[in-house]
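What follows is a short report on a single structure.
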Amino acid sequence: LLLSVLVVPGSLAQENPLFLLFPHLKSMPAPPWVKEGMRLTYYSSAASIPEGRHLYFKDENGSWVDDQGNRYRQEESVGAGGHGYTQIDVAALEGQRVALHIKSLGMTGIGAQQSALSLLGFDAYEGPSAAGSDWWISPQFLASVEERNEGGLRILRMPYPLGQTTYRAIRFQTEDPQGRHVRVYDLDSGVLLHAGSAVSGRISGSFTQELRPGTSGMLSQSTFVGARQVTLPWMQGTPPPWLATLQALRYEGTTTVYIPGSPAFPLPVALTAQTVAQGGRWLLLRAIDLLASVPGLPPSERHSSRISGIAQTGGFWLPPDGIGTLQPGQHLDTDPVTGIATSVSFRGAGQDGRPLVTLVESCSGYSLECTYDAESGLLAAFRHEDRKLNQVTEMRLVQTQ
């Protein structure tokens, strides 16, 4: 539902490479704590580290000249970084398949100077429940893994202190010419305790002052903060029958940045969500956000993956019988780590007379309102307010297939 770019690491949403190395892992059971509504929270951060202060690019008008007479322009090389929280919700669990809804929340400042949270975006995972992407691995499998140190792979059992707890842990470390990747898991629960990467790569078209290819390093990490069971009133409801045949949804609306003393200029936006895969209690969708730009230029486009399952908020559907008893002002949940509160803000008839229910999740940095058709359960409209940017995005459903 967002147009902003993720700055918190999202690579963990890909399928765990251990499935390729150990195919039998797919048939193992999920950890017993993996249930619909379970939420894992991680503190995540990422930063790019430039190799030097300046980079050079070939430019016939540049002021730097090499021994062969090639000219270059000099540009200052700067890094970037961000931090916040990554939350993983078990949106649906069917047999040995799991669907994960992944939300990234960003903040600026640290400690006492830490700012309010911003909603950066969403990601998705659907696959074997024995390993929920990289966020957990079956303890049964971990118990069978032997320690080793060869060929760029090191596996080590070790105590791992985190907060007030010291875990019995297993560490996977891989190294190659591009960098190092580390994953640490709790042997008893299988949950990911820490993930970190330090990699380097070529910056396209750039050179150092010595005319070596310009490179930049990327550091990223995610550290386990906690897990809890979220219970929502509609989790025991019945998924609507149209879930099995839905092909695509299209929403259209505007996004507006409000600047004090200046007129507001709404820009047209659109969101298309196409079904990639579906189960009885979830949808996996490919979302395409379109934002209008300067007249005469094509709109900017951003692609993302989205999960919409029965045990989450902010999805594209809810079970109609599960939301039938919701009442305005009803409190649904407050997250103890982020402080985000979820409640029912409206129940009544829309302009066309159809019954609607609006849910809102809110904190000091943003609010996200999702309005559902109470008869079909389909997301009819949504409104995202970024209180740090003074930006409001509103869209309504215009087409279903």
Search result, residues across region 48-75 that are farther than 16 Å from residue 214 by Cα and among the small types (Gly, Ala, Ser)
62, 63, 69
Applying the selection to region 191-246, what residues are within 18 Å of residue 54 (Cβ to Cβ) and among the basic types (Lys, Arg)?
202, 212
Subset of region 305-337 (residues that are surrounded by 20 or more Cβ atoms within 10 Å (Cβ to Cβ) and either out of contact with any Pro (no Cβ under 7 Å at 6 or more places or on another chain) or on the phi > 0 side of the Ramachandran plot (or both)):
306, 307, 308, 309, 311, 312, 313, 314, 315, 316, 318, 323
Which numbered condition trips up residue 89, out of (1) farther than 29 Å from residue 232 by Cα; (2) of a type outside the set (Ser, Thr, Tyr); (3) in a strand (DSSP E or B)?
(1)
Could you list all residues from region 314-341 that are more than 12 Å from residue 357 (Cβ to Cβ) and in a loop (DSSP other than H, G, I, E, B)?
314, 315, 316, 329, 335, 336, 337, 338, 339, 340
How many residues does region 201-218 hold that are open to solvent by 40 Å² or more (accessible area, probe 1.4 Å) and free of Cβ contacts under 8 Å to residues at least 40 places away in the same chain?
5
Would you confirm whether any residue within region 287-299 is within 18 Å of the chain's Cα centre (by Cα) and open to solvent by 20 Å² or more (accessible area, probe 1.4 Å)?
yes
Within region 357-368, track down each residue that is surrounded by 18 or more Cβ atoms within 10 Å (Cβ to Cβ) and not hydrophobic (A, V, I, L, M, F, W, C).
358, 361, 365, 366, 367
Name the single residue, out of those in region 70-109 being modelled with pLDDT under 85 and touching a His at 6+ places or on another chain (Cβ under 8 Å), that is least open to solvent (accessible area, probe 1.4 Å).
77
Within region 117-151, can you find the residues that are open to solvent by less than 40 Å² (accessible area, probe 1.4 Å) and assigned to a loop (DSSP other than H, G, I, E, B)?
117, 129, 130, 131, 132, 133, 134, 135, 137, 138, 145
Could you tell me whether region 376-396 includes any residue that is within 17 Å of residue 326 (Cβ to Cβ), touching a Pro at 6+ places or on another chain (Cβ under 9 Å), assigned to a loop (DSSP other than H, G, I, E, B) and open to solvent by 20 Å² or more (accessible area, probe 1.4 Å)?
yes
What is the number of the single condition among (1) at pLDDT below 85; (2) open to solvent by less than 40 Å² (accessible area, probe 1.4 Å); (3) under 30 Å from residue 237 (Cβ atoms) that residue 15 does not meet?
(2)
Test residue 36 against the stated conditions and say whether it is surrounded by 19 or more Cβ atoms within 10 Å (Cβ to Cβ) and either over 27 Å from residue 196 (Cα atoms) or of a type outside the set (Phe, Trp, Tyr) (or both).
yes
Residue check, residue 68 against (1) touching a residue at least 12 places away in the same chain (Cβ under 8 Å); (2) outside any strand (DSSP E or B); (3) among the polar types (S, T, N, Q), all met but one. Which one?
(1)
Out of 347, 302, 354, which single residue is in contact (Cβ under 8 Å) with a residue 60 or more places away in the chain and open to solvent by 40 Å² or more (accessible area, probe 1.4 Å)?
302
Output for Cβ contacts, cut-off 6 Å, separation at least six or different chains, first residue without any contact (Cβ under 8 Å) to a residue 40 or more places away in the chain and on the phi < 0 side of the Ramachandran plot in region 170-197, second assigned to a strand (DSSP E or B) and charged (D, E, K, R), reads 170/157; 172/183; 173/154; 184/171; 193/186
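The values are calculated or read from the model by the stated rules, or taken from the named source; none is laboratory data. The structure presented is a predicted model; accordingly, all values stated were derived computationally and were not measured. With ideal geometry, Cβ positions are generated from the backbone for all residues, glycine too; neighbour counts draw on all protein chains shown. Note: areas computed on protein heavy atoms with side chains; ligands, DNA, RNA excluded. Shrake-Rupley method; radii C 1.70, N 1.55, O 1.52, S 1.80 Å.
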